[in-house]
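Engineer: Quick one: this structure, given as structure tokens, is what I'll be asking you about.
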Amino acid sequence: MTAGTTSPPGVEAAGPDLVRSALRRHAKGVAVVTVGGERPAGFCVTSLASLSLDPPLLSFTVGLRSGSWEAVRGATHVMVQLLAAGQEEVARAFAGPRHARFGPGTSWHRDPLGLPALDGVLARFVLTPVSMRPVGDHALLIGLVVRADRVTEAGPLVHHDGTFVDLPGPPDTTGTTGSTGTTGTTGTTGTTGARH
């Protein structure tokens, strides 16, 4: 364990396999983090959290032994994008090998800062990193939100128990359920967010 994450005397930490198995029961939103540059970088995360609204701070983790950590570590800005229902293939691409992430099946463009912006997402946040600290085998990045945009009104893509699930969108003005999301999309990837 790294500094700040040691167990108290006489207390033994649970094994990683047990923790991983239990955490699979926790439904999590799916996001993609992208970094600009000559060769864009990006990776899938399920660890996104809102830490503060004043100032607006978001956090996520990235594996210390991953190529994504190298890309994020030197970035002045990163973009966090919340995936929408129907974007399971995007999630799989960004959780998979690096060479497949910005392939022909990924629709994206560069924003004014040169950050890769995925099309069809729920929302985008541009962050300026204010803290990066190793925590166990990952790094915790905290970023100040310098821009936030709602992109679509679809439902979210979530990850639960190794499966991607499309949730319905918000109700429309007549009070009926939005038609942009479907429930029950299946998939089997127990490693979302693990292959940064």
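Engineer: Return a yes/no flag: does the stretch 123-135 have any residue that is within 14 Å of Val33 (Cα to Cα), exposed (fewer than 15 other Cβ atoms within 10 Å of the Cβ) and over 14 Å from the mean Cα position of the chain (by Cα).
Structural biologist: yes
Engineer: Is it true that His159 is over 18 Å from Ala71 (Cβ atoms), within 17 Å of the chain's Cα centre (by Cα) and crowded, with 16+ Cβ neighbours inside 10 Å?
Structural biologist: Judged against the criteria, His159 is a match.
Engineer: Given the condition at pLDDT below 95, closer than 24 Å to Thr163 by Cβ and under 17 Å from the mean Cα position of the chain (by Cα), answer yes or no: does some residue in the stretch 40-63 qualify?
Structural biologist: Yes.
Engineer: Moving on to the next point. Considering the stretch 95-118 alone, what residues qualify as being buried (at least 17 other Cβ atoms within 10 Å of the Cβ) and part of a strand (DSSP E or B)?
Structural biologist: Residues satisfying the conditions are Trp108, Pro116, Ala117, Leu118.
Engineer: Among (1) more than 26 Å from Thr61 (Cβ to Cβ); (2) at pLDDT below 85; (3) charged (D, E, K, R), which single condition is Glu153 missing?
Structural biologist: Glu153 satisfies all of (1) more than 26 Å from Thr61 (Cβ to Cβ); (2) at pLDDT below 85; (3) charged (D, E, K, R) except (2).
Engineer: Could you tell me whether the stretch 76-93 includes any residue that is touching a residue at least 60 places away in the same chain (Cβ under 8 Å), in contact with a strand residue (DSSP E or B) (Cβ under 6 Å, 6 or more places away or on another chain) and part of a helix (DSSP H, G or I)?
Structural biologist: yes
Engineer: Condition first: surrounded by fewer than 17 Cβ atoms within 10 Å (Cβ to Cβ), at pLDDT below 95 and either touching a strand residue (DSSP E or B) at 6+ places or on another chain (Cβ under 7 Å) or more than 26 Å from Leu18 (Cβ to Cβ) (or both). Can you find one or more residues in the stretch 137-148 that meet it?
Structural biologist: yes
Engineer: Of all residues in the stretch 50-66, which are loosely packed, with under 13 Cβ neighbours inside 10 Å and either in contact with a helix residue (DSSP H, G or I) (Cβ under 6 Å, 6 or more places away or on another chain) or closer than 16 Å to Ala31 by Cβ (or both)?
Structural biologist: Ser50, Leu51
Engineer: Scan the stretch 78-94 and give yes if some residue there is surrounded by fewer than 20 Cβ atoms within 10 Å (Cβ to Cβ) and farther than 24 Å from Gly169 by Cβ, otherwise no.
Structural biologist: no
The values are calculated or read from the model by the stated rules, or taken from the named source; none is laboratory data. Owing to the predicted nature of the structure, the values given are computational and were not obtained by experimental measurement. For neighbour counting, all protein chains shown are included, and Cβ atoms are generated from backbone atoms with ideal geometry for every residue, glycine included.
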